[in-house]
1. Which angle from 0 to 90°, rounded to the nearest 10, does the C-alpha axis of helix 139-155 make with the longest principal axis of the chain?
2. Using a Förster distance of 25 angstrom, determine the FRET efficiency expected from the C-beta separation of residue 137 and residue 196, and round it to 0.05.
3. So what are the radius of gyration and Dmax for the Cα set of region 240-303, in Å?
4. Can you give the FRET efficiency to the nearest 0.05 for residue 81 and residue 253, using r as the Cβ-Cβ distance and R₀ = 25 Å?
5. Angle, helix 234-245 long axis vs. longest principal axis of the chain, Cα atoms, 0 to 90°, nearest 10?
6. Could you list 254, 143, 5 in order of exposure, starting from the residue whose Cβ has the fewest other Cβ atoms within 10 Å?
7. Could you list 23, 107 so that the one with the fewest beta carbons within 10 Å of its beta carbon is first and the one with the most is last?
8. Calculate, for residue 146 and residue 303, the FRET efficiency according to 1/(1 + (r/R0)^6) with r their C-beta to C-beta distance and R0 51 Å; round to the nearest 0.05.
């Protein structure tokens, strides 16, 4: 009988592609959703995070759980209200899952939770970062540390728990890539700030395949840096996109002060950088990348 994977955040760009790949590999997929909207090929259960309510059938029918839900980091300026939403959407949803797993009979074999390389701080320069590097102290680091702490509640129940500290996911359908590529297509692309800040990226298919392997390979446990083997600078990424699109880069870099005026504190998400090394993936797992090379990844995504 096919195993069932329960997804939160299933309608996002990662969740949508992950659902496709899970179906291709013969899994059944169910979603936890705030809305009772039908999704083709998926059983949809409802939950209300603020009210602390969850349909117990979602837990009782799952063999695995992948938790992707959380308010978008770059979806709006970081007002105090927005910061509370970013934090609460991650910790409260995870705590609700932990409570449901603790109170209902289930046969969940493993839990894979989303995390982020923001754990180390929004800007760590060119210093190599591995899973043993201490966490940062800024807003992103504070959120991610609390996020992972809430996931520890699930590990405490005896369920094998994996945390994927995800880099910048390159996808044709959301996230950073379409936002960078669009002005380049129009002849108005340019690196941001100095352009020397490192972007630790990963192709969407590779992050989805990591989630699947994290569930099915019992050797996976704890936190992993979910990034491609080699980071790229913002300038190199911008140039590589322009080369794939056969467009010139003729404008000067977008000044940092202009981005700070536009985005406020959130500007760290484009001006900061992290040189993240996927040490545990490389040293401890059998995972193989389909898109370890940036140019190969961009040709696939922008074709």
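Read-outs throughout are calculated quantities, based only on the coordinates presented, and are distinct from any laboratory measurement. Only a predicted model underlies this, so the values are computations on that prediction, with no experimental measurement involved. Virtual Cβ from ideal backbone geometry, glycine too; neighbours counted across all protein chains shown.
1. 20
2. Working: r = 23 Å, r/R0 = 0.91.
Taking R0 as 25 Å, the efficiency between residue 137 and residue 196 is 0.65.
3. 16.7, 45
4. Numbers: r = 32 Å, r/R0 = 1.29.
Efficiency at R0 = 25 Å is approximately 0.20.
5. 90
6. On the way: 254 19, 143 22, 5 27.
Placing the least packed residue first, the sequence is 254, 143, 5.
7. Result, fewest neighbours first: 107, 23.
8. Values: r = 39 Å, r/R0 = 0.77.
The computed FRET efficiency comes out at 0.85.
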